[in-house]
Amino acid sequence: MEVRALTFGENIDYRGLINVEDLYKLVDKWFKDHRYEKREIWNFEEVYEDGKQITLKLQPWRRISDFVRIEVRLTITLKKLTEVILEKKDLKIKTMKGEAHFLFDTFIITDYEGHWETKPIYFFMKILSEKFLYKSYVDTFEDVLVKDKEDLKHEVRKFLNMQRVGS
């Protein structure tokens, strides 16, 4: 298996109102709509004096072929979350206020099942084929992966801006 990082450490920071449930739904729906298999590495919540902290790490992936898989790794950290109640036209809406940090990394993974690494001759053939035969094939998915990551970042920003407007 060869893992190649395309983008690493891109982030979005936000401070304000956050509907955590709607944020989860947005991210899940985006990955589902773009045919990524969901993989949640961790999801935990801690309570501190200044509020709750939620950390969610996702590593969804999409199979391109028997040889290539693309992956968007997303880490969401929500800090200092406190419950607030908004009043609009005699309605009381319960939501959260706090800080959000989103970290985006993207990877192309080749030979993800390890078939080409079982014997030395296969490994040698894999190296040759990746350098000369499959290079342009694999490179075409770099654009797909970067576009997917940018689209997801755009959707998250749009969601956060809607939260800001709603306050």
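The values are calculated or read from the model by the stated rules, or taken from the named source; none is laboratory data. Remember, it's a predicted structure, so these values are computed and weren't measured experimentally. So basically every Cβ, Gly included, is an ideal-geometry build from the backbone, and we count neighbours across all protein chains shown.
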Problem set entry | All positions within the range 11-27 that are among the charged types (D, E, K, R) and under 13 Å from Val156 (Cα atoms) | Asp13, Asp22, Lys25
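In the set Arg73, Arg157, which member is at negative phi, in a strand (DSSP E or B), within 20 Å of the chain's Cα centre (by Cα) and modelled with pLDDT of 90 or more? Steps first, please.
Numbers: Arg157 fails: in a strand (DSSP E or B).
Being at negative phi, in a strand (DSSP E or B), within 20 Å of the chain's Cα centre (by Cα) and modelled with pLDDT of 90 or more holds for just one of Arg73, Arg157, which is Arg73.
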Seminar exercise, completed: Over the range 7-59, the set of residues aromatic (Phe, Trp, Tyr) and under 16 Å from Arg73 (Cα atoms) is Phe8, Tyr24, Trp30, Phe31, Tyr36, Trp42
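Quick one: which strands (runs of 3 or more DSSP E) sit completely within the range 1-61 and have at least 3 residues that are over 23 Å from Leu145 (Cβ atoms) and free of Cβ contacts under 8 Å to residues at least 24 places away in the same chain? Quick ask: steps written out before the conclusion?
On the way: elements: 2-18, 40-48, 51-58.
Output list reads 40-48.
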